[in-house]
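For reference, the structure is listed below as structure tokens.
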Amino acid sequence: MKLLIAVDSATSAEVLVDAVGIRPWPEGTTAHVLSVVADMDVPEEVWREEGYGKRAVQREMEKRGEQITPVANRLEEFGIPAEVVVARGDARHLIPFFARKWSSDLIFVRAQVRKDLTHWMLGSVARAVVTAAPCTVQIVRDAGGDRTHSLHSGRRVLLATDGSETSMAAAEAVSRRPWPEGSEFRIVTVEEPWVIRPTNVLSNVDSAEHVMASAGLKATAAVLSGNPKEVILEEAKKWNADLIVVGSHGRRGFRRFLLGSVSEAVAMNAHCSVVVVRGSASTSRKVRASG
């Protein structure tokens, strides 16, 4: 398994490394810890001191590397050799680029928490990564309060399915991951009442249940009605999920604009961490998912 852990500060590195540390990994797992420095990240005083030249960015990159290296070294404690890479540019483009370059199986990125004008202008790095990544992505949110987890604490995992090939990949991903004792699973599919020719939603649940049962995982199931984006988020919060797992259809262009991306909407707006599984049911054997 090849991990890409995308960080923008020592604080985010700690949160993401903690998320890596609460699950077991297959032997041979390696990681790249990637931090991307944009020109706007360089303090104005550094620009002035360096005469507004490229050395200003280099200084900020060196500083970022010094900040995150001690945190990244914690991965060694989990038996995961890691390399720290600091690059200059736009994280929205460079994270997917490096994921392809390194043949990453799973990207960890922290949920964007900024709500200011800069966030609005630049867009969310996490959203861009979910949209463009070539592999599975985990959007990490702090558990908070008494919801902190350890390697052996049970999880509440909600799997959202629509019966598609990518949803089956998500179900297989959940079934292949070793879960702590006491973990609970819930499968949710959403019927849109305005669809003229609705699919057989019961078969969506049955297929996912079968995949998980074959791995010894027992799940409760629910068929709900409404807007999938809204219903999945509401059900996850109501059920007090620790993790949501969804498949990504990887739509692009005008079709994606018209239909929207359920996986993207869930990843960006959930109260908990979200794993967006990319790939068909056959390729999910490689990603073993993630979460």
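The values are calculated or read from the model by the stated rules, or taken from the named source; none is laboratory data. Just so it is clear, the structure is predicted and the values come from calculations on it, not from any experiment. No Cβ is skipped: glycine too gets one built from the backbone with ideal geometry, and neighbour counts run over all protein chains shown. Keep in mind that these areas ignore ligands, DNA and RNA; they rest on the heavy atoms of the full protein, side chains included. Shrake-Rupley method; radii C 1.70, N 1.55, O 1.52, S 1.80 Å.
Accessible area, 1.4 Å probe, largest first: how do Leu224, Leu3 sort?
Values: Leu224 45, Leu3 0 Å².
Sorted by accessible area, descending: Leu224, Leu3.
Return one whole number: the accessible area per residue of segment 4-119 in Å², for a 1.4 Å probe. Intermediate values should be presented prior to the final figure.
Working: 5810 Å² over 116 residues.
Spelled out: the 1.4 Å probe surface of segment 4-119, per residue, equals 50 Å².
Going from most exposed to least, what order do Trp179, Trp194 have by accessible area with a 1.4 Å probe? Spell out each step's value before the answer.
Numbers: Trp179 45, Trp194 150 Å².
Final ranking, largest accessible area leading: Trp194, Trp179.
What relative contact order, as a whole-number percentage, does segment 1-126 give when Cα pairs under 8 Å and 6 or more residues apart are counted?
On the way: 176 pairs, mean separation 48.1, N = 126.
Reported relative contact order: 38 percent.
Which FRET efficiency, nearest 0.05, do Lys63 and Lys2 yield, Cβ-Cβ r, R0 22 Å?
Numbers: r = 27 Å, r/R0 = 1.23.
Taking R0 as 22 Å, the efficiency between Lys63 and Lys2 is 0.25.
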